[in-house]
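Engineer: Before anything else, here's the structure in question.
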């Protein structure tokens with residue numbers, strides 16, 4: 001699944017119609033992708049874990065589009081917790097860019113376990129500092145954790161579809177700094193993001 005498709009699915013399906021906070025993903029610096037099945041895996045790459053994470057994401061997205069989801073968010077959260085225990089954050093080196101992004105999406109949807117979500121955020125932050133995960137994913141999870149704990153958001157990624165169009169789901173911690181913070185995380189300008197969300201909200 002491409003990052004763009006994942007972003008659109010998450011933006012549309014994470015609560016936009018009901019006015020709940022929502023947010024997807026955005027690309028950051030280039031990162032090593034997973035090797036194709038026809039090429040040898042680089043040292044340290046765990047194809048089994050990579051494939052498991054992508055399968056978990058497929059079920060996550062299926063459930064959010066009205067399809068089958070036999071495990072649900074709670075079971076995926078529990079399994080991702082086991083993965084974090086064993087490996088720390090699933091890095092680009094370990095599972096490829098798409099595997100790491102799949103782990104992020106599952107953590108993003110772990111809203112019923114805020115303690116786990118905070119732990120995932122800290123591990124993702126460490127991986128980003130090591131150049132092994134997406135700063136954009138970190139920005140979205142940072143805001144998601146803030147939204148779930150009633151704190152102001154940093155990057156403005158959590159918005160709600162309202163009668164007046166997309167609006168921040170909770171206040172920005174530093175409105176004057178949001179554009180620079182978004183740029184530092186590889187996110188588009190805030191106005192562009194709201195325009196994108198306006199089109200999605202209109203489709204609802």
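The values are calculated or read from the model by the stated rules, or taken from the named source; none is laboratory data. Keep in mind that this is a model prediction, so the values were computed, not measured. Counting neighbours? That spans all protein chains shown, and the Cβs are built from the backbone with ideal geometry, glycine included.
Engineer: Can you tell me how many residues within the stretch 142-194 are farther than 17 Å from residue 117 by Cα and either surrounded by 13 or more Cβ atoms within 10 Å (Cβ to Cβ) or free of Cβ contacts under 8 Å to residues at least 60 places away in the same chain (or both)?
Structural biologist: Residues meeting the conditions: 37.
Engineer: Let me ask something else about it. Across the stretch 81-115, what is the number of residues that are surrounded by fewer than 17 Cβ atoms within 10 Å (Cβ to Cβ) and more than 27 Å from residue 43 (Cα to Cα)?
Structural biologist: Qualifying residue count, the stretch 81-115: 3.
Engineer: Can I ask one more? So how many residues does the stretch 65-80 have that are on the phi < 0 side of the Ramachandran plot and surrounded by fewer than 17 Cβ atoms within 10 Å (Cβ to Cβ)?
Structural biologist: 9
Engineer: Every residue in the stretch 128-141 that is surrounded by fewer than 24 Cβ atoms within 10 Å (Cβ to Cβ), more than 19 Å from residue 170 (Cα to Cα) and within 14 Å of the chain's Cα centre (by Cα), please.
Structural biologist: 128, 135
Engineer: Do the conditions hold for residue 156, that is, is it assigned to a loop (DSSP other than H, G, I, E, B), more than 13 Å from the chain's Cα centre (by Cα), at pLDDT 95 or above and within 23 Å of residue 190 (Cα to Cα)?
Structural biologist: yes
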